[in-house]
């Protein structure tokens, strides 16, 4: 086969594809317009909402909706969780002149030391610890030595041979600290 024969076969094949494509394109515009005419018109969400509210509503539906709202409100009020307790800042203070380290330990910290500070070095060590309402046992550690009787405590307990102080926060017995 020669090049001019190959070229002629390619031209014939291309011409046939063009004629076939032209046949498929014939009437395309009418087919598209017809398909679009068959599809329902899509209205905007606002138009659909306006149409929804223009429809008449049966009275029983209004009564049912009002009852459901009232019942939901009442159940919500009855089953609402209790508010989260507000943490009141509690000042822990101890006079320990000459001390190098002072900390408070208690059941509010799983008896882990929370350091107190004495920024002006006057021997008055303080810490503000936010606590929810409740009863708390605590003691101070002054240079590693247990000091369980805080003069500002509401009561004292003796457990395991040592004293601990007791503080009531937020409406507890003899609440003087919050």
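Taken along the Cα-to-beta-carbon direction at a fixed 7 Å, the label points for residue 49 and residue 160 span 6.5 nm.
Taking the three principal axes of the alpha carbon atoms in the stretch 86-138, the coordinate ranges are 33, 20, 12 Å, sorted in descending order.
The calculated P(r) of the stretch 1-85, using every Cα pair and 10 Å bins from 0, goes 12, 14, 15, 13, 11, 9, 9, 9, 7, 2 in percent.
Inverting the pair-averaged 1/r between distinct Cα atoms of the stretch 103-175 gives 12.9 Å as its Kirkwood hydrodynamic radius. Within the listed set 36, 71, 14, the Gaussian network model of the chain (springs between alpha-carbon atoms below 10 Å) gives the highest mean-square fluctuation for 14.
The label-point distance for residue 33 and residue 100, in a model that sets each label 7 Å from Cα toward Cβ, rounds to 9.9 nm. Between residue 14 and residue 57, the simple label model (points 7 Å from Cα in the Cβ direction) yields a spacing of 6.9 nm. Take the Kirkwood radius over Cα pairs of the chain, plug it into Stokes-Einstein at 4 °C and 1.567 mPa s, and you get 51 µm²/s for translational diffusion.
Sorting 54-64, 103-113, 155-165 by average packing, meaning the other beta carbons within 10 Å per residue, from highest down gives 103-113, 155-165, 54-64.
Every number here is computed from the coordinates shown, using simple stated rules; none is lab data. No experiment lies behind these values; they were computed from the predicted model shown. Heads up, the Cβs are rebuilt from the backbone with ideal geometry, glycines too, and the neighbour counts pull from every protein chain shown.
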